[in-house]
Structure formats: structure tokens, C-alpha cells
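Undergrad: The structure is given below, and queries will be raised subsequently.
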Amino acid sequence: NTGDWTLSGTDTKAAAAAAAADTAAGNASTALTTLGNIASDSKLTPVEKKSVRKEWDAIYAEYNGINTQGSTYSLSQPIRDAYTNAYTALGTYLNGGTAYTPSSTRPLWVKDTINMAETTSIVGDTFRAKFKDYYTARQNLLNAVANKVQSNLTDFVNNTYAPAISVKNRIWYQPGVP
């Protein structure tokens, strides 16, 4: 009876995916508060651009990895597209309205010494909305990854998971049996 057996240890992928989603939610909340304060006067000053550049660099660094997770777990195209579209829209906004592509590096406003030294007029509500849209789409994708990993684990334990990869070398045990 498969109900008498338990997967040895904790499933690290499910725990890691859930932890990543939780951490991302906390980080997004902190970033949105900071970015909201930056946008409050509708000016992006050289000092503020340093914070925005740091935030953009973190977003840029995580983008491909998060996108790959969505593909790896065969998540629906709309949720993956929402993430890509929010990323591109944020990049385009920070690029002064010029189309930004995911393969680009830094957008114009936070790109180089000349642009970093200038104060840029912004629409505070739009600035906040672009970052909020990005963080919302990212969180939705990370939550979907965590849910899919947990679902796959549950299906595996219930012997209903048909993986595309080998599941050999798993250690199973019966609780209470030495």
C-alpha cells in the first residue's frame, strides 16, 4: 500500500520554491516602498538613480532564471508572458519610452555616467505602477512555480505523477519501521 510509505526527508525543491516565493514577496514590498519614496516628487535625481539602478540590476539578474523556471515546469504561456511583458514595460519606461528588449543591458536612465548624473522628470504614479506591475507578475510566476513543484511532489507521492525525467535513486521508508 503506497499510503504506508513516505518520501525520505523533505523535498528540497518544493521547500526552496516556496521559500523563494516568500522571500520575493518580502523583497518586492521593501523595494516598492523605497521606489515609492523616490517617485514622490516626480523627479529621479542622480542619488535616486543609484537606488533604481541597483534595483534594475537585481531584476535583470533574476529575469532569465525566473523565466526558465516557468518553462521548466511547463506553466501556462499567459502567466509567463505576463512576466516578460511587465519586465519589458518596466525596461521601456526606464529607457525613456524607447522599446526595451529582454536581451538588452541597462535602460537609458540608469545606464551610464552621463545619464546617471542628470535629474530626469518622471510621472510618479507611472514609475510606481511599472515597478508594481513587474513585482506582481514576478510574484505570480514564482507562486505558480512553487505550486507546480508541490503539485508534482504530491502526485509523485500518490503515484500519479508521470515525469519526463527519471525518478530513480529516491529513498523511501515506512514510518515506524526500523
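The values are calculated or read from the model by the stated rules, or taken from the named source; none is laboratory data. Keep in mind that this is a model prediction, so the values were computed, not measured. Cβ coordinates were reconstructed from backbone atoms using ideal geometry, including for glycine residues, and neighbour counts include every protein chain displayed. Side chains are part of the model used for accessible areas, which takes the heavy atoms of the whole protein and leaves out ligands, DNA and RNA. Shrake-Rupley method; radii C 1.70, N 1.55, O 1.52, S 1.80 Å.
Undergrad: By average Cβ neighbour count within 10 Å, what is the ranking of 134-142, 65-73 from highest down? Don't jump to the answer; show the numbers that get you there.
TA: Numbers: 134-142: 21.0, 65-73: 14.9.
Descending mean neighbour count gives 134-142, 65-73.
Undergrad: When the chain is fully extended, how far beyond the present Cα-Cα distance does ASP125 get from GLN150, taking 0.36 nm per residue of separation? All intermediate terms of the calculation are to be shown ahead of the outcome.
TA: On the way: separation 25, 0.36 × 25 = 9.00 nm, distance 3.68 nm.
Full extension from ASP125 to GLN150 adds 5.3 nm.
Undergrad: Same structure, new question: Tally Lys and Arg at +1 and Asp and Glu at -1 over the other residues with C-beta under 11 Å from the C-beta of LEU75: what net charge comes out?
TA: Values: positive: ARG80, LYS148; negative: ASP81.
Charge balance in the 11 Å sphere: +1.
Undergrad: Please give, to one decimal in nm, the separation of the simple spin-label points placed at ALA16 and THR98, each 7 Å out from Cα toward the Cβ.
TA: Computed distance between label sites ALA16 and THR98 equals 3.9 nm.
Undergrad: Okay, moving on. Accessible area of THR92, 1.4 Å probe, to the nearest 10 Å²?
TA: Solvent-accessible area, nearest 10 Å²: 30 Å².
Undergrad: Compute the signed sum of charges (Lys and Arg +1, Asp and Glu -1) over the other residues within less than 14 Å, Cβ to Cβ, of LEU32.
TA: On the way: positive: ARG128, LYS130, LYS132, ARG138; negative: GLU55, ASP125, ASP133.
Net local charge, LEU32 excluded: +1.
Undergrad: Here's something else I'd like to know. Can you tell me the length gained on complete extension of the stretch SER29 to SER74, counting 0.36 nm per residue apart and subtracting the Cα distance?
TA: Working: separation 45, 0.36 × 45 = 16.20 nm, distance 2.75 nm.
This chain segment gains 13.5 nm when fully extended.
Undergrad: May I pose another question? Using R₀ = 45 Å, calculate the FRET efficiency as 1/(1 + (r/R₀)^6) where r is the Cβ-Cβ separation of ASN64 and GLU118; round to 0.05. If you can, show how the numbers build up before the last one.
TA: Numbers: r = 30 Å, r/R0 = 0.66.
E between ASN64 and GLU118, to the nearest 0.05, is 0.90.
Undergrad: Can you give the net charge of the other residues whose Cβ lies under 13 Å from the Cβ of ASN140, counting K and R as +1 and D and E as -1? The partial results should precede the final answer.
TA: Values: positive: ARG80, LYS132, ARG138, LYS148; negative: ASP81, ASP133.
Value of the local net charge: +2.
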